[in-house]
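Taken together, the values in this text are just the output of simple stated rules run on the coordinates, not laboratory data. Here the structure is a predicted model, which means the values were calculated and not measured. FYI the Cβ positions are ideal-geometry reconstructions off the backbone, even for glycines, and counts take in every protein chain you see.
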Amino acid sequence: MDSRYRPGRPVSPGREVSVSVNPGATEWPHRQIADQIRAKIQAGDWGPGEKLPSIPDIGHIYGVAKQTAQRAIDQLRIEGLLITRPGSGTYVRGVRRRLARLARGRYGTTRGYHTDPGARYRQRLTLVGRAPAPHEVAAAFGVAEGTELLVRRAVITSQEQVVEVSATWLRASEVAGSALEGLAPLTRPLYQEVEEVTGRQYVYATDQLSARLPHRDEAETLQIRADTPVLTLLHIGYDGQRHPIEVTQSTWPGPTTLLTDDYKVPSPRHEPEDGPDLALA
């Protein structure tokens with residue numbers, strides 16, 4: 001079948017999207033539909049927040065049963081490209097938000113999401129208090145799992161959608177009585193506040209990036225299904241003696257996140273014309 005249609009809300013005057021399902025193809029029909037919808041989203045034909053046609057309409061457009069259309073939408077929801085709002089419909093979440101949150105761009109007069117020139121990303125603290133450290137945080141600090149540390153939990157939003165959840169862990173004894181124990185927004189980058197309060201200076205940093213399935217609270221906050229992979233960044237800031245000062249965990253929905261790290265490439269060393277000496281072991 002080959003037909004043409006417009007999505008649930010007008011995209012632009014005269015803009016039409018061609019769709020087709022090949023019943024003789026080896027790929028399942030719901031995957032063909034998912035591939036075409038994904039391609040349109042990635043091409044920008046459907047932008048963040050745009051509403052898709054209803055499941056019956058998608059079935060009619062492609063000439064397939066409602067169950068097949070639902071499977072296609074479910075696949076894209078698992079990937080994190082779509083979000084379904086009960087009683088409202090299915091919407092595009094957005095594609096590959098660019099988050100420059102690796103260590104090279106973390107320090108300076110600005111930090112992390114604060115570097116965004118369009119102020120697209122907003123941080124909101126959700127909890128500040130003492131809590132038992134999870135395994136990876138305790139290991140980074142070199143303390144026993146469950147040791148009580150200060151945690152600052154926050155959500156980062158873009159265009160009113162949650163795109164990141166984070167937790168910054170500090171030694172409670174080092175920041176007791178400071179602004180770091182409060183919910184009031186800081187007036188400068190967190191690392192600068194930590195340096196002044198603790199009297200320790202950040203000298204080294206390590207980032208560990210991994211992928212996993214989300215915890216229940218992460219899935220609920222990020223508005224993704226429990227089987228949607230997330231990217232997690234474990235950031236550890238050290239002083240000059242390689243003692244950890246801060247550990248921060250950042251979590252993003254994997255399918256809609258692209259982490260970038262821009263850096264200079266060092267110039268090559270000049271070797272003798274004969275080339276470097278090589279030793280065979």
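A compact table of results
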read-out: Leu149 long-range amide H proximity, modeled H, under 5 Å; value: Ala131, Ala133
read-out: Contour minus Cα-Cα distance for Val155 and Leu259 (0.36 nm per residue); value: 35.7 nm
read-out: Spin-label pair Gln241/Asp227, simplified geometry with 7 Å Cα→Cβ offset, distance in nm; value: 5.1
read-out: Sequence-distant lysines (8 or more away, or on other chains) whose Cα lies within less than 21 Å of Lys51; value: Lys40, Lys66
read-out: Share of Cα-Cα pairs in region 188-240 lying beyond 18 Å, as whole percent; value: 52
read-out: Global form of region 175-267, assessed from the alpha-carbon gyration tensor, a/c cut-off 1.5; value: oblate
read-out: Rh (Kirkwood; distinct C-alpha pairs) - region 97-259, Å; value: 16.2
read-out: In region 131-220, GluC sites (Glu not before Pro) in a DSSP loop with at most 11 other beta-carbon atoms within 10 Å; value: Glu160
